[in-house]
Amino acid sequence: MVEKSGKRQGGPEHAPGDPLLWPFAAARLAMDACLWWVDRSSPEPAAGTLPWTTPNSVALELTTMRLRDYTRKQSGQPALVCAPYALHRALIADFAPGHSVVQSLQEGGIDRVYLTDWRSATPDMRHLTIDSYLGDLNVAIDEIGAPVDLVGLCQGGWLSLLYAARFPAKVRRLVLVGAPVDLSIDSALSRLVRNAPEAVYDQLVARGGGNVSGEEMLRFWSKTPSHDDIAVALQKDLSDEEGAALLARFDRWNTETLDLPGAYYLEIVNRIFRDNRIASGRFVALGREVDLKAIKAPVFLLAGLDDDVVPATQALATAALLGTPPAFIAVASEPSNHLGLFMGARTHAHVWPRIAEWLRDDLSSVLARSA
């Protein structure tokens, strides 16, 4: 097993302030403060939203996503970045130069990069489930050409893991970055979900007309990330002109929220975070109970030492659940909070080039490195 660790820097990230936790944190606040709002749903963001950092085209239009194609050469092993679907746009994976997963993979020699650009849920999407997203992910991978290398970010990590277990022959390698899988391991996120009554989440969906409204979450969630919060996430001094531009871009990204389908959201809460069905081997995906031991592909796990959302112990514990031989499991622990794993300049300078190199290596090289 390959391991890299860094010195811990800065204090822990406070989970309630993390944008990826808004749907869960809002439920807790609703429970504590008994605040209710009127039914409302927001439309899919207009074409004038924040532009992408890296040139791309839309390879496929699906119900749940636009498949973004960043390909520079038609030959080579494809990598599909599975972005988190948690109230913010997939721009989290292509945020800015020096802060982009897509760019880091390209600079590391991965010429065929794709990205799941998840759509905001419209009223007619309210009944979509996790199976709907797995099904469209399968269509996207067939379009790209299996087997692919899957790079799952945060909640895109457990979705990638489910896919790899359900269709093991279609995934060559798997990268999981800050991915919550075994929710029996204590974290701010797992505590938050467990402590709220189930009815609170049902009411949250009902108030959104069948969806979870990102606009309402943003309005209701009062803690706006501070200048220092953003600097820690981006791992960058924001005091100069370049920093001011990054700060303004983050503020815009932070306000461009997505709605989540109510059925999908409740499945995440109940089946994954409450019942821990993925880790316990009881999750049914596309009609079949999935077994993580079916995953034999090489796996790279990246965790943040300062990640209070998905602690390093939880992110790295996934290794023990898989059928991948230990020699083909690489791990890295970086001095980073949760958002810094995807957006941080230091993380992109230090560990993402290593991930790209790991994706390019042949299996004999991987084995030699881990010996």
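Throughout, read-outs are computed from the coordinates displayed, never taken from laboratory work. In this text, all values refer to a predicted model and were calculated from it rather than measured experimentally. With ideal geometry, Cβ positions are generated from the backbone for all residues, glycine too; neighbour counts draw on all protein chains shown.
The 3J(HN,Hα) values that the Karplus relation (6.51, -1.76, 1.60; θ = phi - 60°) gives for the stretch 152-157 are, in residue order, x, 9, 6, 5, x, x Hz. Gly and Pro appear as x. Taking amide H atoms as placed 1.01 Å from N in the peptide plane, the amide H of R172 lies under 5 Å from those of V148, D149, L150, each 5 or more residues away in sequence or on another chain.
Based on the Cβ-Cβ distance from Q77 to L286, what FRET efficiency comes out when R0 is 22 Å, to the nearest 0.05?
The calculated FRET efficiency here is 0.30.
The string of couplings for the stretch 90-98 from the Karplus curve (6.51, -1.76, 1.60, θ = phi - 60°) is 5, 4, 4, 8, 8, 6, 6, x, x Hz, one whole number per residue in order, with x for Gly and Pro.
Please give the length that would be gained between A320 and A146 if that part of the chain were fully extended, namely 0.36 nm times their separation in residues minus their C-alpha to C-alpha distance (nm, one decimal).
Details: separation 174, 0.36 × 174 = 62.64 nm, distance 2.58 nm.
Full extension of this stretch gives 60.1 nm more.
Applying 0.36 nm per residue to the separation of A199 and S226 and subtracting their alpha-carbon distance, the gain on full extension is 6.5 nm.
Placing unit charges on each Cβ (+1 for Lys and Arg, -1 for Asp and Glu) gives the stretch 15-370 a dipole about its Cα centre, and among L322, Y201, N211 the Cα reaching farthest toward its positive end belongs to L322. Overall shape: rounded for the stretch 15-370, with the ratio a/c of the largest to smallest alpha carbon gyration tensor axis below 1.5. Rounded, prolate or oblate: which one fits the stretch 201-338, using the alpha carbon gyration tensor with axes a ≥ b ≥ c (rounded when a/c is under 1.5, else prolate when a/b beats b/c, else oblate)? Oblate is the answer for the stretch 201-338, as a/c is 1.5 or above yet b/c matches or exceeds a/b. At full extension, A244 and A206 could sit 9.8 nm farther apart than now, given 0.36 nm per residue minus the alpha carbon distance.
Do you know the relative contact order of the stretch 15-370, to the nearest whole percent, from alpha carbon pairs under 8 angstrom that are 6+ apart? Before the final figure, lay out the partial values.
On the way: 721 pairs, mean separation 82.5, N = 356.
Across the stretch 15-370, relative contact order equals 23 percent.
Couplings for the stretch 70-79, taken from phi via the Karplus curve 6.51 cos²θ - 1.76 cosθ + 1.60 with θ = phi - 60°, read 9, 4, 9, 9, 7, 9, x, 6, x, 10 Hz in order; Gly and Pro are left as x.
Number of Lys-Lys pairs in the stretch 15-370 with C-alpha atoms under 26 Å apart and a separation of 8 or more places or on different chains: 4. Backbone amide hydrogens, once placed in the peptide plane, bring V212 within less than 5 Å of L260, G262, excluding anything fewer than 5 places away on its chain. If R0 is 25 Å, what FRET efficiency do you get for K293 and S184 from their C-beta distance, rounded to 0.05? Taking R0 as 25 Å, the efficiency between K293 and S184 is 0.90. Apply the a/c threshold of 1.5 to the C-alpha gyration tensor of the stretch 173-244 and tell me whether it is rounded, prolate or oblate. Judged from the Cα gyration tensor, the stretch 173-244 comes out oblate (a/c at least 1.5, b/c at or above a/b). Under a 5 Å amide H cut-off, with hydrogens placed 1.01 Å from N, L60 pairs with L67 among residues at least 5 apart or on other chains.
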